[in-house]
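Nothing in this text is a laboratory measurement; each read-out follows from the coordinates by a stated rule. Quick caveat, the model's predicted, so the values are computed rather than measured. We place every Cβ from the backbone using ideal geometry, glycine too, and count neighbours over all the protein chains shown.
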Amino acid sequence: MKCSLFLPLSLSLALSLSFPLSFPLTLSSDSIPEKSPKVLTGKASWYNAHGRFTANGERFHRDSLTCAHRTFPFGTRLRVKNINNGREVIVRVTDRGPFGGKYCIDLSIAAARILGIVRLGFAEVEITEYEETIIPLKAGPIKIPGIQFGTVNLEHDYTPEWKIEPLPPLKPLE
């Protein structure tokens, strides 16, 4: 057994050393592709299991922006875009499913309303993982503009130029 593994390994090593390499071993920044978000396309449906426990242990609420997906970890935020009308929603994975073969994601009814798929029941969607961009606060003291409270200096008199005349007395009814 040891001899049968040793022979192919030694032959591959000998061949790789006998032929000179025709390409450089250094990688330039142009040759390394940037990490792009994974885009999934497929059909989405919606479900309503109000009050039941989801797979991660939370109670499902119909007004929450959550979804069920087979592979994404719990708590992952996904951007779901309806390809037909261009509407988007960001949902959080809280459940597992759908287990039917033709759907790739199950949305809560609130998310389905935003995407406009409640009446039809399904739609063709594009799913990408959503990563929040958090801008850190600037270090150092924050300068708040001051407000000065005090008495108002009136340089001129604000009495009206017109006078209010009293109304004439009412006459008694006859």
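Take each peptide in 108-118, 48-58, count the other Cβ atoms within 10 Å of every residue, and average; sorted highest first, the result is 108-118, 48-58.
About its Cα centre, how strong a charge dipole does segment 39-129 have in debye, to the nearest 20, once Lys and Arg get +1 and Asp and Glu get -1 at the Cβ?
Numbers: 14 positive and 8 negative charges, 28 e Å.
That gives a dipole near 140 debye.
Extent along the principal axes, Cα only, for segment 39-129: 33, 24, 23 Å, with the longest axis given first.
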